[in-house]
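> Mind having a look at this structure? Questions to follow.
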Amino acid sequence: MKSYNLLLVLFVFILSACTEPIDIELNDEDNQRLVVEGWVTNYPGKQEVKLTLTTSYFYNQPAPKATGALVEVSDGESTWNFNEVSPGIYRPEPDFLGEFEKTYTLSVDYAGQLYTASSFLRPVSEIDSMAFKYIDPLEEWGVDEVPWWDIQIWTQELPGLGDHYMWKTFVNGVALRDSLAEISFVDDELYDGNYVAGVGVDYVDQGTEANAGDTIHLEQWNIGTEAYDIFIGILNETAWNGGLFDAPPANVKTNMSNGALGYFGAAGISEKTAVIPQ
């Protein structure tokens, strides 16, 4: 036992004697990068660009806002200036509506650097109708969990691959979920050109998220292939990461130039509103 303790002391001594300080390059002010989150749509009030800066992993506070930027969007014919309405949030004044089949280019002039990105605004199919299917896990499968309503839609999917959909749900006018990991989105490979009848695209938990008589507003976004691939890449490195056989972490894709992170996109939006039946 004594010899074992002596070997352990020698081992620790050797390790401590051989270590050298390692300088870790943190995301301090000298290494910050611009992060962009922006959209142009055919829907009023949705044209917005959010600008923040990256921070150190050890900086346990909200990301700093990138203020004082010059932001504009162009479709090649017209140009709209985005004003800073609150720190790091830029909106056009007056508002405008994006048009289907047009490409929109974002330009951000910040701290002497120019950042750009372009995105094509794809059309989106209208939601013909929306319904709610009540599911009680205890009755269905004998599982004691909170019941919920499946939000089901009827819509004609547009022919031609490349449409990718994202759904946002609002309960009595308030957004139900706002993080990428919680929002529903899918590609069109299984539904291309077909009529979609009664397919569940989201859900609301009874009691904690909604009740009978509440008004549900659903937005259907056609975000296109590029946004879909970037969002999947983000999720693979964040919410979906942590498994035994995960690939090593990699840089997340972006469509922004000049080393900026994030995404600028154009999307067609359709909507439907209905009341959960009593």
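Read-outs: derived from the displayed coordinates by stated rules, not from any lab. Values in this document were obtained by computation on a predicted structure and should not be read as measured data. No Cβ is skipped: glycine too gets one built from the backbone with ideal geometry, and neighbour counts run over all protein chains shown.
> Separation between the Asp229 and Leu161 pseudo-spin-labels, each 7 Å from Cα along Cα→Cβ, expressed in nm?
1.3
> Using the Karplus curve 6.51 cos²θ - 1.76 cosθ + 1.60 with θ = phi - 60°, what ³J(HN,Hα) values do you get for each residue of the range 265-278, in whole Hz, with x for Gly and Pro?
Once rounded to whole Hz, the list reads x, 10, 8, x, 10, 10, 8, 7, 10, 8, 10, 5, x, 6.
> Quick one: which of Lys50/Lys168; Lys50/Lys102; Lys65/Lys272; Lys133/Lys168 span more than 25 angstrom between C-alpha atoms?
Over 25 Å Cα-Cα: Lys65/Lys272.
> In what order do Phe132, Phe82 fall by count of nearby beta-carbon atoms within 10 Å, going from fewest to most?
Sorted ascending by nearby Cβ count, the order is Phe132, Phe82.
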